[in-house]
Amino acid sequence: MIEPLRTEEFHKIRELLVHSCGIDLDDDKEYLVESRLTDFGNEIGASSFGDLHNKILADKSSLLPRVIDLMTTNETFWFRDDSAWTALAEEIIPNYVEMLQTGKKSRIRIWSAASSTGQEAYSLSMLIKETCEAKGQPSLFNSFEILGTDISNEALYLAKAAKYNIINVKRGLSPERLEKYFTKDGRSFALNTQIQSITEFKFFNLLDPFDTLGSFDMVLCRNVAIYFSGDFKKKLFSKIHSTINEDGLLMLGASESLFGYSTDFETVEHSSAIYYRKKG
Ligand SMILES: C[S@@+](CC[C@H](N)C(=O)[O-])C[C@H]1O[C@@H](n2cnc3c(N)ncnc32)[C@H](O)[C@@H]1O
């Protein structure tokens, strides 16, 4: 059995996480490392967390992804944060549909930059479909492209499978959308393939350079930067700025803000939501 976590071992594991995925644990998060990594440590026969740290370094390619899976918080749900979705439904998505309709744009690319198990990207896809239909332009749905990326392989696997259990399928989703977009498949609920058709999910570490991703009209980077250090946030928002098209948008989580980290965006308010537009 692995020995209880010692403070110096916590510091080593914290450093490893900062360097591999940007997650910067506070001093009071020793319990989190201990509770999330004890079973894993026992599984790979580590005698202590120091030994676990050494084992990870010795076999980074297979052990580190599992540690990252265990240490990331994948909490997400459909249409998370009402005010953001009001802005998306009343302003942002209708504007994009209009740009496509008038020929100002031929495609709209959106990035869900920490997509977890897919609910954010798929909520967007549902909203886009509904907006195109409401505007009498259902075929414009196919002019949207949503890229979902995450560092957690387990979360990505679930996002790609697009099958949710009874608890996760209901979190944040109205009974009407549940009925309209899901089919019961054994004990899970499978998402309609049309909603999946404009989405793609792939592994991507936000620590890495963004040049392989292309450019986007909108980036949703919600409820992930809270886990990063101030320095990493500055670098992250600067990289996001360079990947966003002229006049493109950035949306953060309800409790997050660019204040103190970036002056490259102007703030846009819509009822109680705040999002950001790239400055020229
Ligand atoms: C709390 S979830 C947020 C999901 C969704 N954006 C939402 O707001 O509901 C945070 C996600 O960020 C991912 N993550 C953490 N560090 C990351 C990194 N360095 N690169 C990419 N994704 C990361 C985690 O794996 C997790 O799935």
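The values are calculated or read from the model by the stated rules, or taken from the named source; none is laboratory data. No experiment lies behind these values; they were computed from the predicted model shown. Cβ atoms come from the backbone with ideal geometry, glycine included; neighbour counts cover every protein chain shown. These accessible areas exclude ligands, DNA and RNA; they are computed on the full protein's heavy atoms, side chains included. Shrake-Rupley method; radii C 1.70, N 1.55, O 1.52, S 1.80 Å.
Need pairs with beta-carbon distance below 9 Å; first residue at negative phi and within the range 1-24, second basic (K, R) and away from the ligand (no atom under 11 Å from the Cβ); sequence gap 6+ or separate chains.
Once the first residue is at negative phi and sits in the range 1-24, its partners that are basic (K, R) and away from the ligand (no atom under 11 Å from the Cβ) give F10/K29; R14/K29; S20/K60; I23/R14; D24/R14.
For the range 237-263, how many residues are within 21 Å of R107 (Cα to Cα) and either more than 15 Å from the ligand (Cβ to nearest atom) or free of Cβ contacts under 8 Å to residues at least 40 places away in the same chain (or both)?
Looking only at that region, the number is 9.
From (1) open to solvent by 40 Å² or more (accessible area, probe 1.4 Å); (2) of a type outside the set (F, W, Y); (3) more than 11 Å from the ligand (Cβ to nearest atom), pick out the condition that doesn't hold for N74.
All conditions pass for N74, except number (3).
Out of S143, S116, S123, I need the residue that is closer than 30 Å to E75 by Cα, among the polar types (S, T, N, Q) and under 12 Å from the mean Cα position of the chain (by Cα). Which one?
Matching residue, one of S143, S116, S123: S116.
When you look at G103, is it open to solvent by 50 Å² or more (accessible area, probe 1.4 Å), at pLDDT 95 or above and at positive phi, yes or no?
Yes: the conditions hold for G103.
Of all the helices (runs of 4 or more DSSP H) wholly in the range 145-236, which have at least 2 residues that are open to solvent by 20 Å² or more (accessible area, probe 1.4 Å) and within 15 Å of the ligand (Cβ to nearest atom)?
Output list reads 153-161.
Please go through the range 110-127 and give me each residue that is near the ligand (Cβ under 9 Å from one of its atoms), in a strand (DSSP E or B) and hydrophobic (A, V, I, L, M, F, W, C), ordered by number.
none
Please count how many residues of the range 237-280 are aliphatic (A, V, I, L, M), in a strand (DSSP E or B) and open to solvent by 50 Å² or more (accessible area, probe 1.4 Å).
Total satisfying the criteria: 1.
From I13, I44, which residue is surrounded by 14 or more Cβ atoms within 10 Å (Cβ to Cβ), closer than 20 Å to Y227 by Cα and modelled with pLDDT of 95 or more?
Checking each option against the conditions leaves just I13.
Give D51, D81, D59 a once-over and let me know the one that is open to solvent by less than 50 Å² (accessible area, probe 1.4 Å), at pLDDT 95 or above and more than 30 Å from R177 (Cβ to Cβ).
Testing whether each residue is open to solvent by less than 50 Å² (accessible area, probe 1.4 Å), at pLDDT 95 or above and more than 30 Å from R177 (Cβ to Cβ) leaves just D51.
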